[in-house]
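Structure, as structure tokens:
What follows draws every value from the coordinates through simple rules; no lab data is involved. Only a predicted model underlies this, so the values are computations on that prediction, with no experimental measurement involved. No Cβ is skipped: glycine too gets one built from the backbone with ideal geometry, and neighbour counts run over all protein chains shown.
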């Protein structure tokens, strides 16, 4: 569906707000289904969605286990002597956290349907200062660079004969801690080179700048924005009221 | 106003806490005319990058002056105009690309100059045309080859309509085809647009077609002149450099008494001479 990036940003904000406010697995599950329907409308298929969510599976499982164990509850499912380990309330709390993360991650996938340039343009046309919009977009750009840099460093370690799969978890954590410095340092060098290249291309030379392209909200965008805000407002009022 | 870049006793020292200052450039005096094609060579740490970045005020001299068309790079009020006059292209094209679409990447600098959208469009079209990227305007930069990416970096600077283009080892990450494409684009820009090219390179065959070669050695201008003279000079070897193969061939033939034009330093010149 051809929508202005700003309409999609509003949709993401609305869905994320609801995900933060809803506090029961049932509500969050409903919200997740609505989000998935939206993603299908924007031509995502299940395989693509699963691909995006895959890196978070371990984190979600970890959160689920931690929340299940550490959330107190009366209806105990598993106990170790007098100590209750898992309760129904704990499992529900774990499910709530995982579903919330799923909804927000799935909604954020809408950001991939437009370019970083459109993201900046959208924010600027909403009167967000260009420097801030540019900074946010550039910060997002550096996330995959961090991942790539870490991969390179890990490859370099493996080339020196270290089998990472055989390294015990404790040692692995120490190793990752030591890798933080070279990875951050190399990314800082890249950031510095980018900053110099931008400076050489008159970045912030003038207080104002122009844009080759302008985003224009169409009637459908106004409808989507108004509907998103209205529905979100009603749902929030009904939930907290 | 003078159409030239002048370095007058330009010195750059880097200070590190607890140790004496390290001199990267030492009393450099140099003048580069508008429209010249200059090759700049030297070993690592000879001061090439420092000098290149001094030309548009990215680095200011610790002592001495750098004047661009008469404007002092140390004068903050002139910074905008100096940035516009002297465009810079760096080693790694991936570290210079900011936007997700070729056309938008080229527009970035023109937009920063606060030009009207119509003027931005005109300049973008022109820059894409002269750098041979017009057909790729809607592509994502990541999909381009190394040579195309570096030509994109050149186009992204050309929209500012600079008088001088400084390229700091622009071919070091390119394959043979990419290097050829880029050098040809630069030669065309120099001839057709009268754009000054100041190219730093470690590859002598790339700077051989230049009108003038500057050799930097230990932060000083060690040699400066036409390629044939520079490559023949005994000081060239003393600076730890080797002439390109064709220049070596020409010198060998001259030493053996063959009647050959002593200005021949490139393959094209040699082919032209032999066909005559």
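Quick one: compute a quarter of the convex hull surface over the Cα atoms of chain A and quote it in nm². Spelled out: convex hull of the Cα atoms, projected over all directions, averaged, 18.9 nm².
Convex hull volume of the Cα atoms in chain B, per residue, in Å³?
On the way: hull volume 40.9 nm³, N = 276.
Hull volume over Cα atoms, normalised by residue count, gives 148 Å³.
Put a dot 7 Å past the Cα of residue A:36, heading toward its Cβ, do the same for residue B:262, and the two dots end up 8.2 nm apart. Placing a label point 7 Å from the Cα of residue B:81 along the Cα-to-Cβ line, the residues of the range B:23-52 whose backbone N sits under 17 Å from it are B:34.
The C-alpha radius of gyration of the range A:80-129, expressed as a fraction of 2.2 N^0.38 Å, stands at 2.07.
If I take R0 = 45 Å and measure r between the Cβ atoms of residue A:155 and residue B:43 in this structure, what FRET efficiency does the formula 1/(1 + (r/R0)^6) give, to the nearest 0.05? Mind showing how you got there, number by number?
Working: r = 31 Å, r/R0 = 0.68.
Once rounded, the FRET efficiency stands at 0.90.
Taken along the Cα-to-beta-carbon direction at a fixed 7 Å, the label points for residue A:229 and residue A:127 span 1.3 nm.
Report, in whole Å, the centroid distance computed from the Cα atoms of the range B:143-160 and the range B:40-93. Between the Cα centres of the range B:143-160 and the range B:40-93 lies a distance of 21 Å.
I need the Kirkwood Rh of the range B:52-195: take the reciprocal of the average 1/r across all distinct C-alpha pairs and report it in angstrom. Please report the intermediate quantities before stating the final value.
Numbers: mean 1/r = 0.0644 Å⁻¹.
Taking the inverse mean of 1/r over all distinct Cα pairs, the range B:52-195 comes out at 15.5 Å.
Over all distinct alpha-carbon pairs, what is the Kirkwood Rh of the range B:67-133 in angstrom?
About 13.5 Å for the range B:67-133.
Taking only the Cα atoms of the protein assembly as shown, the ratio Rg/Rh comes out at 1.08, with Rh defined as the Kirkwood radius.
Packing around the peptides A:113-122, B:218-227, taken as the average count of other Cβ atoms within 10 Å per residue, puts them in this order, highest first: A:113-122, B:218-227.
Can you give me the relative contact order of chain B as a percent, contacts being Cα pairs under 8 Å and 6 or more apart? Numbers along the way, then the final one.
On the way: 542 pairs, mean separation 61.1, N = 276.
The normalised contact order for chain B reaches 22 percent.
Building the convex hull from the alpha-carbon atoms of the range A:116-210 and averaging its projection over directions returns 8.2 nm².
Before rounding to the nearest 500, sum -39500 (n - 2.57) across all DSSP H runs of length at least 4 in chain A and divide by the residue total; then give [θ] at 222 nm in deg cm²/dmol. Intermediate values should be presented prior to the final figure.
Values: 9 runs with 171 residues, N = 241.
My calculation for chain A gives -24000 deg cm²/dmol from helical runs alone.
Extending 7 Å from the Cα toward the beta-carbon at both residue B:188 and residue A:43 defines two label points whose distance is 3.3 nm.
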